[in-house]
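Comments concern the structure below.
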Amino acid sequence: DRDVTGVQTCALPIFIDGGLEDVYGSSSNASVDAGAQVVYGTTTDTVLTGTGIQQIFTGGTASGTIVGSGGGQGNSGPEQIVGFGGTSSGTIVNGGGIQQVQSTGVAHDTTVNSGGDESVGNGGTAVDATIQSGGNLDVYDGTLGGSVVDNGTLTFWTGNSFAGQLSGTGSVVVGDGTLLLSSANNFAGNISINGETLEL
């Protein structure tokens, strides 16, 4: 276990492999392959692989996190959890990785690459997301806003609305309830309405 209450000054990279790093000050360039990094302060350029987890809570900010590949043998892959007042900025979610945005957490400028997943639910907010081909973004009872580029798959569940600017050539799925698109969008992809309602 490692508690960081000030600025991390170690010149060598920090590797977390089954342990725990609590960040109350600031930490940069950590690699989490197993175990967790819990952020109450600030982190930059953390890399998550294997089954590593980054949790961002009240007052915490994570910038430039890369959620890489991992999992296997029945284990889930690496995961970033943005919740309880935490903030992420510029997260990149690669294949096998997951970003969960929930409980008053806010994710800015997330990029979801092929095989990656972003899930927005339970009071979370995502702003200005980019979904690359093969990537997935699921909106449950959270909020999606800003300029969203959808070249992958964007699914709205439990009824929702989107007032931002939607572009791209991927697919939008109305999975449940009524989806209200209230802005002048230039989305050029496919829309699938699974027995529910799309309102323009």
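Being open to solvent by less than 10 Å² (accessible area, probe 1.4 Å), free of Cβ contacts under 8 Å to residues at least 60 places away in the same chain and of a type in the set (Gly, Ala, Ser) narrows it down to one of Gly52, Gly95, so name that one. Every option except Gly52 fails the conditions. Screening Leu198, Leu179, Leu154 for residues that are closer than 22 Å to Gly68 by Cα and in contact with a Leu (Cβ under 6 Å, 6 or more places away or on another chain) leaves exactly one candidate, Leu154. Within the stretch 139-163, if we keep just the residues that are farther than 18 Å from Ser183 by Cβ and open to solvent by 50 Å² or more (accessible area, probe 1.4 Å), the residue that is nearest to the chain's Cα centre (by Cα) turns out to be Tyr140. Residue count for the stretch 98-118 satisfying the condition of being open to solvent by less than 10 Å² (accessible area, probe 1.4 Å) and farther than 15 Å from Leu144 by Cβ: 1.
Every residue, every condition in (1) basic (Lys, Arg); (2) part of a strand (DSSP E or B); (3) under 26 Å from Asn29 (Cα atoms), yes or no:
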position	(1), (2), (3)
Ser88	no, yes, yes
Asn122	no, no, no
Ala126	no, yes, yes
Ser133	no, no, no
Val149	no, yes, no
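Residue check: is Thr91 polar (S, T, N, Q) and at pLDDT 95 or above?
Working: polar (S, T, N, Q): yes; at pLDDT 95 or above: yes.
Against the criterion (polar (S, T, N, Q) and at pLDDT 95 or above), Thr91 qualifies.
Filtering the stretch 120-135 to residues that are open to solvent by 20 Å² or more (accessible area, probe 1.4 Å) and farther than 16 Å from Gly164 by Cα leaves Asn122, Gly123, Gln132, Ser133, Gly134.
Collect the residues in the stretch 165-186 that are assigned to a loop (DSSP other than H, G, I, E, B) and modelled with pLDDT of 95 or more, keeping them in residue-number order.
To start, the set of residues in the stretch 165-186 that are assigned to a loop (DSSP other than H, G, I, E, B) comprises 168-170, 175-177, 182-186.
Listed by number, the residues that qualify are Gly168, Thr169, Gly170.
Take the conditions (1) open to solvent by 70 Å² or more (accessible area, probe 1.4 Å); (2) touching a residue at least 12 places away in the same chain (Cβ under 8 Å); (3) more than 21 Å from Gly121 (Cα to Cα); Gly170 misses just one of them, which is (1). Within the stretch 15-27, being free of Cβ contacts under 8 Å to residues at least 24 places away in the same chain and crowded, with 16+ Cβ neighbours inside 10 Å holds for Glu21, Asp22, Tyr24, Ser26, Ser27.
The values are calculated or read from the model by the stated rules, or taken from the named source; none is laboratory data. As the structure is a computational prediction, the values presented were derived from the model and not from experiment. Glycine also receives a Cβ, built like all others from the backbone with ideal geometry; neighbour counts cover every protein chain displayed. Just the protein is used for accessible areas: all its heavy atoms, side chains included, with ligands, DNA and RNA removed. Shrake-Rupley method; radii C 1.70, N 1.55, O 1.52, S 1.80 Å.
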